[in-house]
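Working notes, structure below.
Coordinate-derived values only; no laboratory data. Please read all numbers here as calculations on a predicted model, not as lab measurements. Positions of Cβ are generated from backbone atoms using ideal geometry, with glycine treated the same way; all protein chains shown enter the neighbour counts.
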Amino acid sequence: MSAEATNPLTPTTVTTAAHRRKNRPRIDLRRLGRAAVIGPAARDKLPDAISHVVEAHRAHHPDADLEPLRRAYLLAESSHRGQMRKSGEPYITHPLAVTLILAELGAETTTLTASLLHDTVEDTDVTLDQVGAEFGEEVRYLVDGVTKLEKVDYGAAAEPETFRKMLVATGSDVRVMSIKLADRLHNMRTLSVMRREKQERIAKVTRDVLIPLAERLGVQVVKTELEDLVFAILHPEEYQRTRELIAGNAAGAAHGGDTLAETADEVRSVLREAGVQTEVVIRPRHFVSVHRVSRRRGQLRGADFGRLLVLVGEDADCYAVLGELHTCLTPVVSEFKDFIAVPKFNLYQSLHTAVARADGQVVEVLIRTHQMHRVAEAGVVALGNPYAPGADDPSDGERADPTRPGWLSRLLDWQEATTDTDTFWSTLREDLAQDREITVFRPDGGALGLPEGASCVDAAYALYGEDAHACIGARVNGRLATLSTVLRDGDAVQLLMGQDVASEPSREWLEHAHTPGARIAIQRWLATHPSTADTGEPADRAPRPEADGAASRPVPETPTPRPTASPSVIVDRPGANARLARCCTPVPPDEITGFAVRGGVVTVHRVECSGVTRMKSAERAEVGVRWGDTTECRVTLVAESFQRPHLLADLTEVIALEGVAIVSATVEPPTQQRVRHTYTLQLPDAARLPALMRAMRNVAGVYDVGRIQHHAAAAE
């Protein structure tokens, strides 16, 4: 009995990825094995053993040159001849099956050639030089990237290093990872011939590393089948219950009342009447997806076992379909997501919506073009040869560099920054465990994908790398926010970067860093600046009292000459004395007004002062006032800033350069990385106030400077 026959799952995911080929019969690997050992085919004739590979390949690439595949198969078959798998099949059936998976996904000829040869260098006498001489340097590089340097022991120590070596190779060509994923998929399909404990070890590594990698590379059909295979091995009882749920729903649908089929017919009718050319198909959920939905919703109904997929020709047709469905059916607005305008990090594009039926069931609908569907199913594999002419042309709608998806680039940066394999491995697994992502928007209109729970610290390092050490704060949806602020899906984020060379990360940032990229960068900086990690100061400077870490108490008043009298105010009431209100401390050239109070005194307020409103509501008599000729004045300013070293020194220096005397200065204890500075200043000329406030706002870390506002005194 073949390994596939004893597998608890029937591996149908890949063969149904392209729904047009959903009725293709499963391939009998034993028959392929027999064809493989019969001997080489006639010269220039394609061997029968690769006929299914050729058929699948031509479906995606009808003009492909098949000669490299023929020669690669003949070399692989002759090299592996006599080798057997534990399932009892000829070993050649493994590279054949891996290559068929990739061919079904739409991989180009070079990838398939390397896939046929991917085990020859490791397990036979074939050398890399021989591969390069016969098939070219590109195939040689791919085979070298996939070739394991030693037999993989799936223990805790060996797998991280093996994976890391593979990752380094992948950095130059993502097709290496594609072959690795297909290799793991076929091995998982045939895992039943191994001991139970080894099955579980391999399944756990697949769950923790390979499945999230498939997700991030967008190879959805591989990811979903791997999930089901792992589910069957690690949770056999829950898998069996889920299988029974699916079988029960299928039996009920066969006897009438097929919710998804009925809704699909209704959607077809609506779109046909609207004149939109579409293809509407039912997408059954795979085992793990059904299991997750059942845990979330409890009792399942017909609509919970699948979704509808609407395929159209052009991007604009997607929105036309959406409009028709929302007009003619009952939309569930909360379920709408636009991954066309804002694609996911793994290239995925689609419109998601849902419609409610009269019986209360909600049917999910996916809307995408045929090209979007191909990329959604096969991810990076669907991009073809990254070195082919025009492959890096952004006008084709794909990303500019198909060999380096953004997530993979970040991963390679981490492994370069982390020399310790165990640290890298734990960091990688932590990142891969983040299975939900949010999208935030930058001021330039671009989008940034972050894991759920990410903070402004994570956004800063995702955007600027190690330059984010100079980040001093952020604006989230237009509001000032600390770097510890947790971001939500759809937030608009602007990072505020300091210009001071002394700007630096603090150990506190690690508490708010959610992504490995941010944590690695901060830890690396702290490790190379040990004195700063303890004092908050750069290693080549002694701690200064004006650093924010020492600003938790009032700063002693700066001794200054006794200032002259307040600016003169002319009052339109003979004999009345003017007094500047303490609630708003007006100075020239503020627009002012006055109110008579006890003792024949007129208090002078800025017209926008809240005390003016209260005076008017109390029907106090308003008195006309205006500034006299004296321009010298005293004013109290409040500077709001983000915490950083030397900020107080920088502010006092700017104030002095403006020719302003500091009467007193107070710095409140930092709160959530924010610091509040209060200055009482003596200005020789009130006209200098606007320029002074601008100069203070330009100090790195300062986000606002304003006049102090007190509550109006009751007596006034």
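Sort I246, I233, I570 so the one with the fewest other Cβ atoms within 10 Å of its own Cβ comes first.
Ordered by Cβ neighbours within 10 Å, fewest first: I570, I246, I233.
Fewest to most neighbouring Cβ within 10 Å: what's the order for E511, E238, E89, E619?
Ranking E511, E238, E89, E619 by Cβ neighbours within 10 Å, fewest first, gives E619, E511, E238, E89.
Return M696, M188 ranked ascending by Cβ neighbour count within 10 Å, so the fewest neighbours appear first.
M696, M188
So if I place +1 on the C-beta of Lys and Arg and -1 on the C-beta of Asp and Glu, and nothing else carries charge, what would the dipole magnitude of the stretch 575-716 be about its Cα centre? I want it in debye, nearest 20.
320 debye
Have a look at M615, V625, T593 and report the one farthest towards the positive end of the charge dipole of the stretch 569-627, computed about the Cα centre with Cβ charges (Lys/Arg +1, Asp/Glu -1).
Farthest towards the positive pole: M615.
Which of the residue pairs K223/K344; K180/K337; K223/K337; K45/K86 have a Cα-Cα distance greater than 24 Å in the structure shown?
The pairs that break the limit, which is 24 Å between Cα atoms, are K180/K337; K45/K86.
When the convex hull of the Cα atoms of the stretch 577-635 is projected onto a plane and the area is averaged over all directions, what value comes out in nm²?
4.0 nm²
If I stretch the segment between I570 and L480 completely, what's the gain in nm (0.36 nm per residue apart, minus their alpha carbon distance), one decimal?
Value of the extension gain: 28.3 nm.
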